[in-house]
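Data block below; observations after.
The values are calculated or read from the model by the stated rules, or taken from the named source; none is laboratory data. Predicted model only: the values in this text are computed from it and were never measured. Note that each Cβ is placed from the backbone with ideal geometry, even for glycine, and that neighbours are counted across all protein chains shown. Only protein heavy atoms, including side chains, enter the accessible area calculation; ligands, DNA and RNA are left aside. Shrake-Rupley method; radii C 1.70, N 1.55, O 1.52, S 1.80 Å.
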Amino acid sequence: MISKKMQDAMNKQINEELFSAYLYLSMAAWAQKSNLPGAASWMRKQSGEEMGHAMKFFHYIDERGGEVELLPIEGPQKDWASVLEIFEASLAHEQHISSRINDLYGLAAEENDYASQVFLQWFIEEQVEEEASVDEVVQKLKMVSGSKNGIFMVDSELGKRGDD
Ligand SMILES: [Fe+2]
Ligand SMILES: [Fe+2]
């Protein structure tokens, strides 16, 4: 059975993942109204993935005989100055999530909770991928440095992101 301490930390992580879903959905709404359909679609998919992450913790807590507790979700930011800004904010947010996952792993190690260490392994790898894919977009947007043509091209590329 999962410890109370680990259960509480994982319930907090459900909240972090749901907040991530909320944040990316807010970025999708911003991109939609800013005539960036590709970025909007990318962010909607990102938001869906975060829901999936929350559900992984949801099922895991239950599987280990713990109790799921849904905490209030903070309202996300609504406005950004540019598409570069939303991707830079996403990168900063993913770095924050990576450090939360690392802390959870640290706690699992401290408690000799091997099952949780194995479970968290997937998230450690996922965070490496997420940071890299968001950083790639940031780099592309920096390369076009605000040119309308360049943003148009990056946006249509973002629209091609598959469901992964
Ligand atoms: Fe996540
Ligand atoms: Fe993420």
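Report relative contact order for region 14-62 in percent, whole number only (criteria: Cα-Cα under 8 Å, sequence separation at least 6). Could the numbers behind the result be given before it?
Working: 45 pairs, mean separation 23.8, N = 49.
Once normalised by length, the contact order is 49 percent.
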GluC sites (Glu not before Pro) within region 25-72: which are DSSP loop residues with at most 12 other Cβ atoms inside 10 Å?
-> GLU67
Simple SL model, points at 7 angstrom along Cα→Cβ for ALA29 and ASP103; separation in nm is 2.7 nm
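Quote the relative contact order of the chain in percent (integer), defining contacts as alpha-carbon pairs under 8 Å separated by 6+ residues. Before the final figure, lay out the partial values.
Numbers: 166 pairs, mean separation 49.3, N = 164.
Computed value for the chain: 30 percent relative contact order.
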In nm, to one decimal, how far is the LYS4 label point from the ASN149 one, both placed 7 Å along Cα→Cβ?
-> 6.5 nm
If we count every other residue with Cβ under 14 angstrom of SER147's Cβ, Lys/Arg +1 and Asp/Glu -1, where does the sum land?
-> +2
Whole-angstrom gap from region 122-141 to region 46-94, using each part's C-alpha centre | 15 Å
Under 26 Å from LYS5, Cα to Cα: lysines that are on another chain or at least 8 residues apart = LYS56
Integer Hz, Karplus 6.51/-1.76/1.60 couplings in order for region 58-63, x for Gly and Pro = 3, 5, 5, 4, 5, 4
So the angle from the long Cα axis of helix 83-110 to the longest Cα principal axis of the chain, reported in degrees to the nearest 10, equals 10 degrees
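What number comes out for accessible area per residue over the chain if the probe is 1.4 Å? Units Å², please.
Working: 8890 Å² over 164 residues.
Per-residue value: 54 Å².
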Under 5 Å from the placed amide H of GLY66, counting only residues 5+ away or on other chains, we find ILE2
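Given 0.36 nm per residue, what is the gain on full extension from ALA81 to LYS12 after removing their alpha carbon distance, in nm?
Numbers: separation 69, 0.36 × 69 = 24.84 nm, distance 3.01 nm.
Full extension of this stretch gives 21.8 nm more.
Give me the percent of the accessible area of the chain that comes from carbon and sulfur atoms, probe 1.4 Å, all protein chains in place.
On the way: 4890 of 8890 Å².
Solvent-exposed carbon and sulfur of the chain make up 55 percent of the total.
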Quickly work out the ALA89-to-ALA115 label distance, labels modelled 7 Å from Cα along the C-beta direction, and quote it in nm with one decimal.
-> 3.9 nm
Inverting the mean 1/r over all pairs of different Cα atoms, compute the Kirkwood radius of the chain and quote it in Å.
-> 16.7 Å
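With a ≥ b ≥ c taken as the square roots of the eigenvalues of the C-alpha gyration tensor of region 106-151, please select rounded if a/c is under 1.5 and otherwise prolate if a/b is larger than b/c or oblate if it is not?
Because a/c hits 1.5 or more and a/b exceeds b/c, region 106-151 counts as prolate.
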